[in-house]
Protein chains: 2
Amino acid sequence: MEYFEKTIKEKEIYNGQIISLKVAEVEVPNNIKALRELVSHPGGVGILAYIDKDTILLVQQFRKPFEKVMLEIPAGKLEKGENPEECGRRELEEETGYLAKKFTYLGRIVSSPGFCNEVIHLFKATELYCGKIGGDQDEFISLHKIKKEKVLQMIKNGDIVDAKTISSFMFE
Amino acid sequence: MEYFEKTIKEKEIYNGQIISLKVAEVEVPNNIKALRELVSHPGGVGILAYIDKDTILLVQQFRKPFEKVMLEIPAGKLEKGENPEECGRRELEEETGYLAKKFTYLGRIVSSPGFCNEVIHLFKATELYCGKIGGDQDEFISLHKIKKEKVLQMIKNGDIVDAKTISSFMFE
């Protein structure tokens, strides 16, 4: 069964620095009307980076929606006109200080398809070498090098909960 | 390095049927001020349901943010006061028509920690038996029974992109 929700009308609620929000009235089958709250997001990139064959680079940063720090793979938003690989290489260097000789596409995920159009492209980075740490002046990030086995354990026991980080291992 | 972003002021932009949005001005280290756009979401549950030992129930539904149908594990939002297991059992029956004798907690994921506080609790359902299909009158869902091996292949080749679906296999 493939069906389509036709937009009857929509209203922009907010257009901000990263996301925008609109509310759409849609028509679903049987002429029923429904409301859809739609967050628009530029999308981003996450990088599963190996500093050696069994050690992964993770970054820890404060996440305001949860009021706490979280451990995740290096990641960032796509800038206007930027392609995912370019974005991934830039974010990896900004957040970890490393560049990668090998940068392989793993796949893409959608984080919350019920209300948000965010797509995250995942890459695997290997054969790393030193670049320089930089990046946004309002981002404070600490770098962690953790054995893959330990990372998988931290996923299972709930110490790592970020969906892009967890998903990235399904593409290796 | 653990640090905290103190809220200087915040403004509610929208308070809707599922999500709400506020914009906060925060103070990050070095007295720098930054803006955080924060989407609040009630959270939800996703269910990795096995109809037999190697066949999984997936649901296909139209996702307005992408203007297309997507294949995902059965899932739904937490109602007020509902606990995750209760929500998961309800959604599984509503979306697939099945009840489960065994309903095991797998873990939780956060879908987009940069701007949204959504948490999705993941369960594994086995020993299924027939209930009745029902649910929201504005949801149109088709049920698919797909071999696990094929599901894993569909993740790798990009036919399944939903993060909660992909993540659920990391907890088994």
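Largest mean-square fluctuation among B:PHE140, B:PHE66, B:PHE103, in a Gaussian network model of chain B whose springs join Cα atoms under 10 Å apart, belongs to B:PHE66. Run through the other copies and list how far each one's label point is from that of B:ASP52, in nm with one decimal, shortest first; the point sits 7 Å from Cα along Cα-Cβ. Sorted ascending, the copy-to-copy spacings read 4.7 nm.
In plain terms, the C-alpha convex hull of the protein assembly as shown casts an average shadow of 17.2 nm² when viewed from every direction.
Residues whose amide H falls under 5 Å from that of A:SER40, counting only those 5 or more places apart or on a different chain, are A:SER20, A:LEU21, A:LYS22, with hydrogens built in the peptide plane.
The fewest-to-most ranking of A:SER142, A:SER20, A:SER167 by surrounding Cβ atoms within 10 Å reads A:SER142, A:SER20, A:SER167. Considering only DSSP beta bridges with both partners in region B:44-168, what is the antiparallel share in %, to the nearest 5? The answer is about 80 percent antiparallel. What whole number of Å gives the distance from the Cα centroid of region A:62-97 to the Cα centroid of region B:96-172? Answer, in whole Å: 27. Counted over the protein assembly as shown, the DSSP beta bridges are approximately 85% antiparallel. Given in Å, the Rg to one decimal and the Dmax to the nearest whole number for the Cα atoms of region A:88-129 are 12.7, 39. P(r) for region B:13-103, from all Cα pairs and a bin width of 10 Å, is 14, 32, 27, 16, 9, 2 %, short bins first.
When the listed pairs A:LYS102/A:LYS132; A:LYS22/B:LYS80; A:LYS77/A:LYS124; A:LYS22/B:LYS68 are checked against a 20 Å cut-off, the alpha-carbon distance exceeds it for A:LYS22/B:LYS80.
Could you tell me how many degrees, from 0 to 90 and to the nearest 10, lie between the Cα long axis of helix A:84-96 and the main elongation axis, the longest principal axis, of the Cα atoms of chain A? Once rounded, one gets 50 degrees.
Straight-line cross-link reach from B:LYS150 at under 15 Å between alpha-carbon atoms covers these aspartates and glutamates, not counting any fewer than eight positions away in the same chain: B:ASP52, B:ASP54, B:GLU72, B:ASP159.
Thinking of chain A as a set of Cα atoms, what percent of all their pairs are more than 24 Å apart?
In whole percent, the share of Cα-Cα pairs in chain A beyond 24 Å is 43.
Listed from fewest to most Cβ neighbours within 10 Å, the set B:VAL161, A:VAL45 follows the order B:VAL161, A:VAL45.
If you scale each eigenvalue of the Cα gyration tensor by 5 and take the root, what three semi-axes come out for region A:46-97, rounded to whole angstrom and sorted largest first? The answer is 19, 18, 7 Å, longest axis first.
Find the eigenvalues of the gyration tensor of the Cα atoms of region B:67-155, then list the square roots of 5 times those eigenvalues as equivalent ellipsoid semi-axes, largest first, in whole angstrom.
Equivalent-ellipsoid dimensions as semi-axes: 20, 18, 16 Å.
Sorted from closest to farthest, the other copies place their A:PHE66 label points 2.3 nm away, with each point set 7 Å from Cα along Cα→Cβ. Each residue of region B:12-20 is assigned a 3J(HN,Hα), and the resulting list reads 7, 9, 7, 9, x, 6, 10, 10, 10 Hz, derived from the Karplus form 6.51 cos²θ - 1.76 cosθ + 1.60 (θ = phi - 60°), x at Gly and Pro.
Throughout, read-outs are computed from the coordinates displayed, never taken from laboratory work. Every value quoted in this text rests on a predicted model; they were computed, and no experiment measured them. Using ideal geometry, Cβ is built from the backbone for each residue, glycine included, and neighbour counts are taken over all protein chains shown.
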